[in-house]
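S.K.: Take this structure, written in structure tokens, and hold onto it; I'll ask about it next.
The values are calculated or read from the model by the stated rules, or taken from the named source; none is laboratory data. The shown structure was predicted, so the numbers you read here are calculated from the model rather than taken from an experiment. Here the Cβ positions follow ideal geometry from the backbone for every residue, glycine too, while neighbour counts run over all protein chains shown.
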Amino acid sequence: MPRHIIGPFNEFQDLPDVDIAAAYAEDASEAAIDALLERMELIRGVLESAGCFCVGHAAGTERDSEWGADISELVDRCAMHEIHGRDTDGQPTVENVCIKLSSLLA
């Protein structure tokens, strides 16, 4: 069965970064938390209006119809974060990476 790919999405172009660390801090401001929640809602809304559904939707077995866990993980990974790996010689490496929503395909 051929896959149908949509994106990138215009709504995700030129979005300002969200300060993930500030939103998760113990003394997080309401503004930092609101910015994070607004970004999550934007992603959910854009994907839903594009006709995207969570895994299991067609079979009636969807576990998370609002994609809360997936979107939360995606937003977290949009912040710069370290990944650890090994180079071709087996030496440990650390890279700073982030997902750019402007390149998201569904």
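S.K.: Could you grab me the full set of residues in segment 1-19 that are touching a residue at least 40 places away in the same chain (Cβ under 8 Å) and under 20 Å from residue 45 (Cα atoms)? Please lay out each step first, then the result.
M.R.: Let us first name the residues in segment 1-19 that are touching a residue at least 40 places away in the same chain (Cβ under 8 Å), namely 5-9, 12-15, 17-19.
Hits for segment 1-19 are 5, 6, 7, 8, 9, 12, 13, 14, 15, 17, 18.
S.K.: Could you tell me whether any residue of segment 3-25 is in a helix (DSSP H, G or I), at pLDDT 90 or above, in contact with a helix residue (DSSP H, G or I) (Cβ under 8 Å, 6 or more places away or on another chain) and not basic (Lys, Arg)?
M.R.: Within segment 3-25 (the criterion being in a helix (DSSP H, G or I), at pLDDT 90 or above, in contact with a helix residue (DSSP H, G or I) (Cβ under 8 Å, 6 or more places away or on another chain) and not basic (Lys, Arg)), the answer is yes, since at least one residue qualifies.
S.K.: Using the structure shown, decide if residue 38 is surrounded by 10 or more Cβ atoms within 10 Å (Cβ to Cβ), at pLDDT 90 or above and out of contact with any Asp or Glu (no Cβ under 8 Å at 6 or more places or on another chain).
M.R.: For residue 38, the condition - surrounded by 10 or more Cβ atoms within 10 Å (Cβ to Cβ), at pLDDT 90 or above and out of contact with any Asp or Glu (no Cβ under 8 Å at 6 or more places or on another chain) - is met.
S.K.: Now, a different point. For segment 67-94, enumerate the residues that are closer than 22 Å to residue 32 by Cα and either aromatic (Phe, Trp, Tyr) or in contact with a Pro (Cβ under 8 Å, 6 or more places away or on another chain) (or both).
M.R.: Passing the criteria: only 67.
S.K.: For segment 13-34, which residues satisfy the criterion of being over 15 Å from residue 77 (Cα atoms) and surrounded by 13 or more Cβ atoms within 10 Å (Cβ to Cβ)? Show your work before the answer.
M.R.: Of the residues in segment 13-34, the ones over 15 Å from residue 77 (Cα atoms) are 13-14, 25-34.
Residues satisfying the conditions are 28, 32, 33.
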